[in-house]
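Data first, discussion second: the structure below is written as C-alpha coordinates.
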(Lines give C-alpha, C1' and ligand atoms only; values in the text may rest on other atoms or scores of the structure.)
Protein backbone atom coordinates (compact mmCIF):
# COMPACT_ATOMS: atom_id res chain seq x y z
CA UNK A 1 0.00 0.00 0.00
CA UNK A 2 1.22 3.57 -0.59
CA UNK A 3 3.12 5.19 2.26
CA UNK A 4 2.25 8.60 3.64
CA UNK A 5 4.74 10.76 1.67
CA UNK A 6 4.22 14.36 2.82
CA UNK A 7 6.47 16.01 0.22
CA UNK A 8 4.68 14.35 -2.71
CA UNK A 9 1.17 13.98 -1.31
CA UNK A 10 -1.34 15.45 -3.82
CA UNK A 11 -3.42 17.10 -1.12
CA UNK A 12 -0.43 18.68 0.61
CA UNK A 13 1.61 17.68 3.63
CA UNK A 14 -0.92 18.99 6.15
CA UNK A 15 -3.59 16.46 5.15
CA UNK A 16 -1.23 13.64 4.23
CA UNK A 17 -1.41 11.56 7.44
CA UNK A 18 -5.16 10.97 7.70
CA UNK A 19 -5.69 10.86 3.93
CA UNK A 20 -2.91 8.33 3.33
CA UNK A 21 -4.16 6.14 6.17
CA UNK A 22 -7.72 6.28 4.84
CA UNK A 23 -6.48 5.36 1.36
CA UNK A 24 -4.49 2.36 2.61
CA UNK A 25 -7.35 1.15 4.79
CA UNK A 26 -9.80 1.53 1.91
CA UNK A 27 -7.57 -0.51 -0.40
CA UNK A 28 -7.11 -3.25 2.18
CA UNK A 29 -10.84 -3.36 2.85
CA UNK A 30 -11.93 -3.44 -0.80
CA UNK A 31 -9.16 -5.45 -2.42
CA UNK A 32 -8.37 -8.01 0.27
CA UNK A 33 -10.86 -7.80 3.11
CA UNK A 34 -9.75 -7.29 6.72
CA UNK A 35 -10.68 -10.87 7.59
CA UNK A 36 -8.15 -12.15 5.05
CA UNK A 37 -5.22 -10.11 6.36
CA UNK A 38 -2.87 -11.77 8.84
CA UNK A 39 -0.54 -8.80 9.33
CA UNK A 40 0.36 -5.34 8.13
CA UNK A 41 4.10 -4.70 7.96
CA UNK A 42 5.29 -1.09 7.92
CA UNK A 43 8.55 0.81 8.27
CA UNK A 44 7.86 3.63 10.75
CA UNK A 45 10.31 5.64 8.64
CA UNK A 46 11.00 4.29 5.16
CA UNK A 47 14.63 3.37 4.61
CA UNK A 48 15.49 2.46 1.03
CA UNK A 49 12.30 4.25 -0.01
CA UNK A 50 13.97 7.57 0.75
CA UNK A 51 13.94 8.14 4.53
CA UNK A 52 10.30 9.17 4.30
CA UNK A 53 8.88 10.20 7.67
CA UNK A 54 5.14 9.49 7.48
CA UNK A 55 2.90 12.42 8.21
CA UNK A 56 1.49 12.64 11.76
CA UNK A 57 -1.48 10.38 12.34
CA UNK A 58 -0.67 7.81 9.66
CA UNK A 59 0.88 5.13 11.86
CA UNK A 60 -1.64 5.44 14.73
CA UNK A 61 -4.54 5.14 12.26
CA UNK A 62 -3.10 2.01 10.64
CA UNK A 63 -2.36 0.49 14.06
CA UNK A 64 -5.91 1.23 15.24
CA UNK A 65 -7.37 -0.37 12.10
CA UNK A 66 -5.26 -3.48 12.71
CA UNK A 67 -6.29 -3.65 16.36
CA UNK A 68 -9.98 -3.29 15.54
CA UNK A 69 -9.84 -6.07 12.95
CA UNK A 70 -7.61 -8.63 14.65
CA UNK A 71 -4.69 -7.93 12.30
CA UNK A 72 -1.13 -7.99 13.61
CA UNK A 73 0.71 -4.67 13.31
CA UNK A 74 4.34 -5.48 12.52
CA UNK A 75 6.95 -2.70 12.68
CA UNK A 76 10.07 -3.14 10.56
CA UNK A 77 12.60 -1.31 12.74
CA UNK A 78 15.67 -2.80 11.06
CA UNK A 79 17.00 0.63 10.03
CA UNK A 80 15.14 2.80 12.53
CA UNK A 81 15.63 0.86 15.74
CA UNK A 82 18.09 1.15 18.62
CA UNK A 83 18.20 4.91 19.17
CA UNK A 84 18.75 5.88 15.53
CA UNK A 85 15.80 8.30 15.33
CA UNK A 86 16.05 9.85 18.80
CA UNK A 87 13.86 7.27 20.51
CA UNK A 88 14.83 3.68 21.15
CA UNK A 89 12.35 2.71 18.42
CA UNK A 90 10.80 5.01 15.81
CA UNK A 91 7.25 3.87 16.60
CA UNK A 92 7.59 5.61 19.96
CA UNK A 93 7.47 9.04 18.30
CA UNK A 94 3.70 8.65 17.91
CA UNK A 95 3.08 6.31 20.82
CA UNK A 96 2.43 3.27 18.61
CA UNK A 97 3.01 -0.12 20.27
CA UNK A 98 3.43 -2.84 17.61
CA UNK A 99 2.38 -6.43 18.07
CA UNK A 100 5.69 -7.58 16.57
CA UNK A 101 8.95 -5.72 15.94
CA UNK A 102 11.63 -6.85 13.47
CA UNK A 103 15.15 -5.62 14.24
CA UNK A 104 18.70 -6.10 12.94
CA UNK A 105 21.63 -3.89 11.85
CA UNK A 106 22.18 -1.69 14.92
CA UNK A 107 21.37 -4.48 17.35
CA UNK A 108 24.85 -6.00 17.32
CA UNK A 109 27.24 -3.30 16.13
CA UNK A 110 27.86 -4.87 12.74
CA UNK A 111 27.88 -8.55 13.66
CA UNK A 112 25.22 -10.74 11.99
CA UNK A 113 22.15 -10.74 14.20
CA UNK A 114 18.44 -10.11 13.81
CA UNK A 115 15.52 -10.42 16.18
CA UNK A 116 11.77 -10.84 16.15
CA UNK A 117 10.17 -9.47 19.31
CA UNK A 118 6.47 -9.59 20.06
CA UNK A 119 3.71 -9.93 22.59
CA UNK A 120 4.03 -13.12 24.62
CA UNK A 121 0.68 -14.53 23.49
CA UNK A 122 1.93 -14.33 19.90
CA UNK A 123 5.48 -15.55 20.36
CA UNK A 124 4.47 -18.40 22.66
CA UNK A 125 2.15 -19.83 19.99
CA UNK A 126 5.18 -21.05 18.02
CA UNK A 127 6.40 -24.50 19.07
CA UNK A 128 9.99 -24.74 20.40
CA UNK A 129 12.39 -24.53 17.46
CA UNK A 130 9.65 -23.33 15.13
CA UNK A 131 11.06 -19.82 14.84
CA UNK A 132 14.69 -19.66 13.87
CA UNK A 133 17.34 -18.94 11.29
CA UNK A 134 20.94 -19.59 10.41
CA UNK A 135 22.30 -17.07 12.89
CA UNK A 136 19.67 -17.52 15.57
CA UNK A 137 21.25 -17.37 19.01
CA UNK A 138 24.80 -16.88 17.71
CA UNK A 139 26.64 -16.46 21.04
CA UNK A 140 29.22 -13.93 19.82
CA UNK A 141 26.56 -11.76 18.15
CA UNK A 142 24.32 -11.99 21.21
CA UNK A 143 27.19 -10.85 23.42
CA UNK A 144 27.77 -7.94 21.06
CA UNK A 145 24.07 -7.06 21.23
CA UNK A 146 24.18 -6.97 25.03
CA UNK A 147 27.16 -4.62 24.83
CA UNK A 148 25.32 -2.41 22.30
CA UNK A 149 22.27 -2.14 24.55
CA UNK A 150 24.48 -1.30 27.51
CA UNK A 151 26.27 1.40 25.51
CA UNK A 152 22.97 2.90 24.32
CA UNK A 153 21.79 3.19 27.91
CA UNK A 154 25.00 4.21 29.65
CA UNK A 155 26.23 6.39 26.79
CA UNK A 156 22.94 8.25 26.46
CA UNK A 157 22.76 7.50 22.76
CA UNK A 158 19.03 8.18 22.48
CA UNK A 159 19.67 11.77 23.54
CA UNK A 160 22.80 11.82 21.40
CA UNK A 161 20.78 10.92 18.30
CA UNK A 162 18.49 13.86 18.98
CA UNK A 163 21.48 16.15 19.39
CA UNK A 164 22.87 14.97 16.04
CA UNK A 165 19.55 15.79 14.40
CA UNK A 166 19.56 19.22 16.06
CA UNK A 167 22.92 19.90 14.39
CA UNK A 168 22.22 18.34 10.99
CA UNK A 169 18.70 19.46 10.17
CA UNK A 170 19.33 23.23 10.45
CA UNK A 171 22.44 22.91 8.27
CA UNK A 172 20.52 20.89 5.66
CA UNK A 173 17.60 23.33 5.76
CA UNK A 174 20.05 26.16 5.15
CA UNK A 175 21.07 24.33 1.97
CA UNK A 176 17.41 24.22 0.97
CA UNK A 177 17.22 27.97 1.47
CA UNK A 178 20.27 28.45 -0.71
CA UNK A 179 19.55 26.00 -3.53
CA UNK A 180 16.22 25.45 -5.22
CA UNK A 181 17.36 21.94 -6.16
CA UNK A 182 16.81 20.87 -2.54
CA UNK A 183 13.13 20.04 -2.62
CA UNK A 184 12.76 18.54 0.84
CA UNK A 185 14.73 18.08 4.05
CA UNK A 186 13.44 15.44 6.42
CA UNK A 187 14.32 12.97 9.10
CA UNK A 188 14.40 12.30 12.80
CA UNK A 189 17.41 12.19 15.03
CA UNK A 190 20.46 10.77 13.29
CA UNK A 191 18.44 9.58 10.29
CA UNK A 192 18.16 12.51 7.89
CA UNK A 193 17.89 13.10 4.16
CA UNK A 194 17.51 15.65 1.40
CA UNK A 195 15.48 15.12 -1.77
CA UNK A 196 16.82 16.75 -4.92
CA UNK A 197 14.63 17.99 -7.75
CA UNK A 198 14.91 19.85 -11.05
CA UNK A 199 13.50 23.26 -11.76
CA UNK A 200 13.45 24.59 -8.22
CA UNK A 201 11.60 23.35 -5.19
CA UNK A 202 9.10 26.21 -5.40
CA UNK A 203 8.19 25.46 -8.99
CA UNK A 204 5.75 22.75 -8.04
CA UNK A 205 7.05 20.19 -10.54
CA UNK A 206 9.18 18.32 -8.01
CA UNK A 207 10.81 16.38 -10.85
CA UNK A 208 13.40 14.01 -9.34
CA UNK A 209 17.05 14.70 -10.17
CA UNK A 210 18.98 11.44 -9.72
CA UNK A 211 21.93 12.73 -11.78
CA UNK A 212 22.58 15.63 -9.43
CA UNK A 213 22.13 13.30 -6.46
CA UNK A 214 24.76 10.92 -7.81
CA UNK A 215 27.14 13.77 -8.60
CA UNK A 216 26.97 15.19 -5.08
CA UNK A 217 27.43 11.72 -3.61
CA UNK A 218 30.54 11.26 -5.77
CA UNK A 219 31.97 14.62 -4.72
CA UNK A 220 31.40 13.80 -1.04
CA UNK A 221 33.07 10.43 -1.52
CA UNK A 222 36.07 12.03 -3.21
CA UNK A 223 36.43 14.36 -0.21
CA UNK A 224 36.32 11.47 2.26
CA UNK A 225 32.66 11.51 3.33
CA UNK A 226 30.47 8.53 2.46
CA UNK A 227 26.83 9.34 1.78
CA UNK A 228 24.23 6.98 0.38
CA UNK A 229 21.49 7.51 -2.16
CA UNK A 230 17.98 6.18 -1.82
CA UNK A 231 14.39 6.70 -2.89
CA UNK A 232 12.10 5.36 -5.57
CA UNK A 233 13.60 7.82 -8.04
CA UNK A 234 17.21 7.65 -6.80
CA UNK A 235 17.14 11.35 -5.91
CA UNK A 236 17.56 11.25 -2.14
CA UNK A 237 20.82 11.72 -0.25
CA UNK A 238 20.55 9.97 3.11
CA UNK A 239 22.75 10.53 6.12
CA UNK A 240 23.35 8.01 8.90
CA UNK A 241 26.25 9.25 11.04
CA UNK A 242 27.40 6.98 13.87
CA UNK A 243 25.62 7.80 17.11
CA UNK A 244 29.02 8.11 18.80
CA UNK A 245 30.48 10.53 16.23
CA UNK A 246 32.33 13.45 17.86
CA UNK A 247 30.69 16.79 17.19
CA UNK A 248 33.73 18.23 15.42
CA UNK A 249 33.75 15.35 12.93
CA UNK A 250 30.01 15.72 12.35
CA UNK A 251 30.43 19.40 11.58
CA UNK A 252 33.44 18.66 9.36
CA UNK A 253 31.34 16.15 7.42
CA UNK A 254 28.59 18.72 6.99
CA UNK A 255 31.18 21.18 5.68
CA UNK A 256 32.17 18.64 3.03
CA UNK A 257 28.52 18.13 2.07
CA UNK A 258 28.02 21.89 1.72
CA UNK A 259 31.13 22.15 -0.44
CA UNK A 260 29.88 19.34 -2.66
CA UNK A 261 26.59 21.15 -3.18
CA UNK A 262 28.39 24.38 -4.00
CA UNK A 263 30.70 22.67 -6.49
CA UNK A 264 27.83 20.84 -8.21
CA UNK A 265 25.39 23.74 -8.33
CA UNK A 266 27.64 26.79 -8.59
CA UNK A 267 30.44 25.33 -10.68
Just to be sure before I move on: is residue 136 assigned to a loop (DSSP other than H, G, I, E, B) and loosely packed, with under 14 Cβ neighbours inside 10 Å in the structure I sent? no
If I filter region 193-207 for residues that are under 25 Å from residue 158 (Cβ atoms) and not assigned by TED's automatic domain parsing to the domain that holds residue 50, do I get at least one hit? yes
Just to be sure, is residue 183 in contact with a helix residue (DSSP H, G or I) (Cβ under 7 Å, 6 or more places away or on another chain), buried (at least 18 other Cβ atoms within 10 Å of the Cβ) and not in a helix (DSSP H, G or I)? yes
Scan region 117-149 residue by residue and report those that are touching a residue at least 40 places away in the same chain (Cβ under 8 Å) and more than 18 Å from residue 81 (Cβ to Cβ). 122
Could you check, for region 42-51, whether at least one of its residues is under 20 Å from residue 185 (Cβ atoms) and not in a loop (DSSP other than H, G, I, E, B)? no
Just a yes or no: is a residue in region 29-44 under 25 Å from residue 141 (Cα atoms) and either in contact with a helix residue (DSSP H, G or I) (Cβ under 9 Å, 6 or more places away or on another chain) or assigned by TED's automatic domain parsing to the domain that holds residue 136 (or both)? yes
Residue set 183, 155, 165, 189; condition at positive phi and either in contact with a strand residue (DSSP E or B) (Cβ under 8 Å, 6 or more places away or on another chain) or at pLDDT 95 or above (or both); output residue 189
Filter result for the condition that a residue is under 24 Å from the mean Cα position of the chain (by Cα) and not in a helix (DSSP H, G or I), over 116, 148: 116
Looking at region 154-164, can you tell me whether even one residue there is in contact with a helix residue (DSSP H, G or I) (Cβ under 6 Å, 6 or more places away or on another chain) and outside the structural domain of residue 77 (by TED's automatic domain parsing)? no
Flag for residue 17 being touching a residue at least 24 places away in the same chain (Cβ under 8 Å) and part of a loop (DSSP other than H, G, I, E, B): no
Tally up the residues in region 67-82 that are touching a strand residue (DSSP E or B) at 6+ places or on another chain (Cβ under 7 Å), under 12 Å from residue 37 (Cα atoms) and in a loop (DSSP other than H, G, I, E, B), please. 1
Just the residues that are closer than 13 Å to residue 100 by Cα and surrounded by fewer than 23 Cβ atoms within 10 Å (Cβ to Cβ), please, taken from region 47-83. 66, 67, 71, 72, 73, 74, 76, 78
Would a scan of region 36-43 turn up a residue that is buried (at least 18 other Cβ atoms within 10 Å of the Cβ) and within 29 Å of residue 206 (Cα to Cα)? yes
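The values are calculated or read from the model by the stated rules, or taken from the named source; none is laboratory data. Keep in mind that what you see is a predicted model, and the values were worked out from it rather than measured. Cβ sites come from the backbone with ideal geometry, for glycine too, and all protein chains shown count toward neighbours.
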